[in-house]
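Notes follow once the structure below has been shown.
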Amino acid sequence: MFLLIVGIFILLHSTDGAPCATGTYDLYANQSVCVPCGPGQISNTTGSSSCINCDPGKFAASSGQSLCSPCPPGKYANQSGSSYCLDCASGYYSNISQSSSCVECPVGYYTPNTTSCLPCSPGTYNPSSRASQCTECLIGFYTSNSGQSQCAACPINTTTGAVSSTSCDILCNTISLVMITNGLGGPCFNVSQIVNSTYYYFVPIPTPTPTPTPESLPDSVNPNLVPMIVVPIAFILVAYLLYACYTSYHYSSRLGYL
């Protein structure tokens, strides 16, 4: 097909001694048989005897071009004579035009698209390069600055209380450690304690038992029932003492002691 186009172009563009126009070249020296430059090549002067390849970072999409076009941001051409540009691969970017290669997005950063590489925001991190998104810091970890490759562990007896936190602002009341897989305790991590890649966290101190009130006491010890128990007992004791005194007096008088 290309040869057919060239043949037709030659028939229509024989110049009878005139120099070949830009975008074409003289197939035979000084014969004015002008042929269009192919894709990826250009001729930017009249009377050219040959075409030149587009430089890396540029391309010529069709034949007969007098100028190479720069690859737009997000694309590149790593070889000369390119007829098209390539997209940057995932994790790589190009934020300028006319790129011959794409740049690797480093750790702590991510590529939301092929034209930019942005730092991970506080509360997130990225431990590897060429990432398309950042990872949230887990509970008990935080980052206060952007562009971090890892999250920092909260100090002992503190936690974040939520993922993607920028500080450790929750204090923990703690008494012991249990494995997180047990499903016990609260969300307060002690991230300095790591055994076989298993995170441990603190069990909160149990809520103190409240002091009993008269309303909360059982009926057997309810203060409202004390008079009902004490008064009859006291009456019985007094009656017994009076009876004992009377009996002693009566017995003594019969014996003539009184």
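Summary of computed values
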read-out: Solvent-free Debye scattering, log10 I(q)/I(0), computed from the Cα coordinates of segment 48-101 at q = 0.20 Å⁻¹; value: -0.62
read-out: Karplus 3J(HN,Hα) series, Hz, for segment 125-136 with 6.51 cos²θ - 1.76 cosθ + 1.60 (x for Gly, Pro); value: 8, 8, x, 10, 7, 6, 8, 9, 7, 9, 10, 6
read-out: Three semi-axes of the equivalent ellipsoid, segment 17-145, Cα gyration tensor, whole Å, largest first; value: 49, 9, 8
read-out: Full-stretch length increase - Ser121, Asp87 - with 0.36 nm per residue and alpha-carbon distance subtracted; value: 9.6 nm
read-out: Amide H contacts under 5 Å for Ala21, placed H, 5+ residues apart; value: Gly47
read-out: Segment 72-93 residues near the modelled Glu104 label - backbone nitrogen below 17 Å, point 7 Å along Cα→Cβ; value: 88-93
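Rule-based calculations on the coordinates, nothing more; no lab input. Here the structure is a predicted model, which is why all the values come from computation and not from measurement. Backbone-built Cβ (ideal geometry, glycine too); neighbour counts: all protein chains shown.
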